Amino acid sequence: MEIAPGEFVACFGPNGAGKSTTLKILAALSKPSSGQVIIDGQDIQENSLALRRRIGVISHNSFLYGKLTARENLEFYGRMYEVSDLDRRVETILDQVGLILVANEPVAGFSRGMQQRLAIARALIHNPSLVLLDEPYTGLDEMAKGILNTILKELSQSKHTVFLITHDFDQGLEQSDQALILVGGKIVYSCKPRSLSREEFRLRYLKLAGGGGI
Amino acid sequence: MEKNRFTGWLEKILAWSVFLSVLLALYLALVYAPTEKTMGDIQRIFYFHVASAWIGMLAFLVVFIASICYLFTRHDKWDIYAYTSAEIGVIFTTIVLLTGPIWAKPIWGTWWTWDPRLTTTLIMWFIYIAYGKIRTSLREEEKKARLAAVFGILAFADVPVVFFAIRWWRTMHPGALVTSSGIGLAAGMRPAFFGGLLAFSLLYCYFMLLSVRIERMRAEIRALKEEILN
Amino acid sequence: MSINSYLDKLGVLLWKEIRSEFRGQEILSSMLIFSLLVVASFGFAVDLMDDLTGQVLPGIIWITLTFAGILGLNRSFTAEKQNDCLSGLILCPSDRSVIFLAKTVMNMLLMAIVELVTVPLFFIVFNYPAPPYPGWFFLALVLGTYCFMIVGTFLSALASASKAGEMILPVLIIPLIIPVLLSAVMMTKDSFGLMTGGTDIYLKILLVYGVIFTVLPLLLFDYLLEV
């Protein structure tokens, strides 16, 4: 399949359908057993170093160091991604996720929602053009969900490509240009969610996912 | 099916040749070979001791090669070869470690000496038990195979360094004891020596064949279980 | 990737390690207290005649360092397991071996501190004079620690993949570092002036070991990190 630059794709599927594997392959964490991922004409396995710089991953794990403060975490990852003008970037993004007041507190003391907000900031510190999200809504409070949605909206408006894996129909269908259903490692259905009501999509999902394998 | 029938035949032929060659080796070692003048009958353990040591070493070499092949090809069969060979290698080195002291007590007057060969075998034994520990401590099949392969490569690289370090240490150490290289092989003893080697090599191949089949069955059962559960 | 950016990344990772370690000091303090306890325990458990001390002390020093080192190595990758930080590191656009090297340098730093505190104490507790060849003694410490830590860090990454990591790490490390232990003890003994020549070979063994076990882990580290 092809994803156009700036497109927002939401991917649904039952447990064990290969959603996380897909994301890992897209992020160059795992090798595909067959096929290839091409980003801007470059194979991700061959050019993984250059392409990794342009990918940001938000997972249900925060990738944050509990002993470091919020600012130190961002500085660390920013320097790993060789972000230029890092200090200003850190301030801007801390402000964006509403953590500027606790910037110097160790992350271990943060609530789940705060950690997840910081994880979003961490993933976007290097301004990636492709953002991959793996179940980002798990464990988020309403406020964090709101912030995540605002950020996702801003991302897709500013021509970032977004690939979202989720169980949450409401959140997932809200903004996406394309919705996929994955069963048994294969895309069994894809549609433009704007042409379809949420209820119709849900029914179709239950039919496809429930019928998988039998 | 064809392939199964072929391996079935191979297994049968191998089983019989193991049986016959072990009988032959026993005859050669216990009856045919002349009694060593100074050591007496106890020297006869040497035929099995050395053969086991060689097979142990061969088994660990197979672990090393299969581990490299696994990392390159990611084919499960290499993992199975590495694992079963490590298991068999540990069994044979255990035999070495048991027969060594039995021989050493009457000859050198002590159960254990830090002879480079014996010590290297002991360390190898520890290393490949650790290799087994890695496997039993992990659940996921792929991870188990991959990490074990990495350790299998690292471990084998360590073996020659251990050997040379200990050899130097022993020769430098005051009062170094006689090493087993002092034993010359008289012409009459050669058939027994090579007979033992042949029998143990066939035994190794037979064990490999059986364990590989067991591992394959295990994998099949696992796959079937998963299918039922889903 | 250029050497400059590689070294940059190494520096950044090291900065992160040092920051988080010296905020809590969990690893260093346990290693220090443990080795002090061992020094004290050996002090009254092994009651030595004067002429025997020199023969036994090198072994005691290295055994203590080995176990203190394993204690620290057990925790080396714990922080990376929380919140799955290791995945975050793997995603970064850098050669993955730099993660391994940064950990190794950090572990060597921790060991250096432990050695700085405990090694002089051994001489005090056992009432033994300072080694007549301090340079040789120092070389044994540096090379021995390097060989130990590079293999140890690699194996600790390997063991951290398993839930029983802390149980299996010593079982993995000790047989693999036997040549290091042996050579380092011999070099130490030599620095006490207790050997009669021919000990250059131990230096060579350490060097060869150091080369083999620097190259292999660097080659194999990518395989450890696959997800």
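Where a number appears in this text, it was derived from the coordinates with a stated rule and is not lab data. Only a predicted model underlies this, so the values are computations on that prediction, with no experimental measurement involved. Cβ: placed from backbone, ideal geometry, glycine included. Neighbour counts: every protein chain shown.
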Could you give the radius of gyration (one decimal) and Dmax (whole number) of the Cα atoms in region A:62-128, in Å? 10.4, 30
Shape descriptors of region C:83-213 over alpha-carbon atoms, Rg and Dmax in angstrom, are 17.2, 55
Determine which lysines satisfy two conditions relative to B:Lys143: a Cα distance under 25 Å, and not lying fewer than 8 residues away in the same chain. A:Lys19, A:Lys24, A:Lys31, A:Lys186, B:Lys77, B:Lys133, B:Lys225, C:Lys81, C:Lys103, C:Lys163
Dimensions (Å) - chain B, Cα atoms, principal axes, largest first: 68, 41, 26
Is the protein assembly as shown best put as rounded, prolate or oblate by its Cα gyration tensor, with a ≥ b ≥ c the root eigenvalues, rounded for a/c under 1.5, and otherwise prolate when a/b is larger than b/c, oblate when not? oblate
About the Cα centre of region A:4-79, how large is the charge dipole given +1 on each Lys and Arg Cβ and -1 on each Asp and Glu Cβ? Please answer in debye to the nearest 20. 260 debye
Whole-angstrom gap from region C:118-168 to region A:54-97, using each part's C-alpha centre: 35 Å
Please give the peptides A:196-202, C:142-148, B:223-229 ranked by average Cβ packing (other Cβ atoms within 10 Å per residue), highest first, as a rough proxy for protection. C:142-148, A:196-202, B:223-229
Under a crude label model (7 Å from the Cα following the beta-carbon direction), how far is B:Ala219 from C:Met167 in nanometres? 2.7 nm
Answer in debye to the nearest 20: the dipole magnitude of the protein assembly as shown about its Cα centre, from +1 Lys/Arg and -1 Asp/Glu charges placed on Cβ, is 1300 debye
Separation of region C:78-100 and region A:12-44 by C-alpha centroid, Å? 19 Å
Taking a crude spin-label model, label points 7 Å out from Cα along the C-beta direction, the A:Ser33 to C:Tyr128 distance in nm is 5.8 nm
If you fit an axis through the alpha-carbon atoms of helix A:142-157 and take the longest principal axis of the Cα set of chain A, what angle between them do you get, 0 to 90°, nearest 10? 80 degrees
Please give, to one decimal in nm, the separation of the simple spin-label points placed at B:Arg170 and A:Thr138, each 7 Å out from Cα toward the Cβ. 5.5 nm
In which sequence would C:Asp47, C:Asp84 go, from the one with the fewest C-beta neighbours within 10 Å to the one with the most? C:Asp47, C:Asp84
Radius of gyration and maximum dimension Dmax of region C:1-114, Cα, Å: 18.1, 59
To the nearest 10 degrees, how steeply does helix C:165-176 sit against the main Cα axis of chain C, on a 0 to 90 scale? 60 degrees
From other protein chains only, count the Cβ atoms within 10 Å of every residue's Cβ in B:113-126, then give the mean. 1
Which order do B:Arg216, A:Arg52, B:Arg5 fall in if you start with the one that has the fewest other Cβ atoms within 10 Å? B:Arg5, B:Arg216, A:Arg52
Grab the DSSP H runs of the protein assembly as shown that are 4 residues or longer, score each as -39,500 (n - 2.57), total them, divide by all residues and round the 222 nm result to the nearest 500 deg cm²/dmol. -23000 deg cm²/dmol
So for B:Ile91, C:Ile212, fewest C-beta neighbours within 10 Å to most, what's the order? B:Ile91, C:Ile212
Between B:Ser201 and A:Glu200, how high is the FRET efficiency from 1/(1 + (r/R0)^6) when r is the Cβ-Cβ distance and R₀ = 41 Å? Nearest 0.05. 0.05
Go ahead and run the numbers for FRET between A:Gln42 and B:Trp9, Cβ-Cβ distance against an R0 of 56 Å, rounding to 0.05. 0.60
So what's the projected area for region C:3-224, the Cα convex hull averaged over all directions, in nm²? 12.7 nm²
How high is the FRET efficiency between B:Thr94 and B:Glu140 when r is their beta carbon distance and R₀ equals 22 Å, given to the nearest 0.05? 0.15
Between 0 and 90 degrees, rounded to the nearest ten: what's the tilt of helix C:134-159 against the longest Cα principal axis of chain C? 40 degrees
Among all helices in chain B defined by DSSP H, which have a length of 20 Å or more along the axis from Cα atoms plus a Kyte-Doolittle mean of at least 1.0? B:45-73
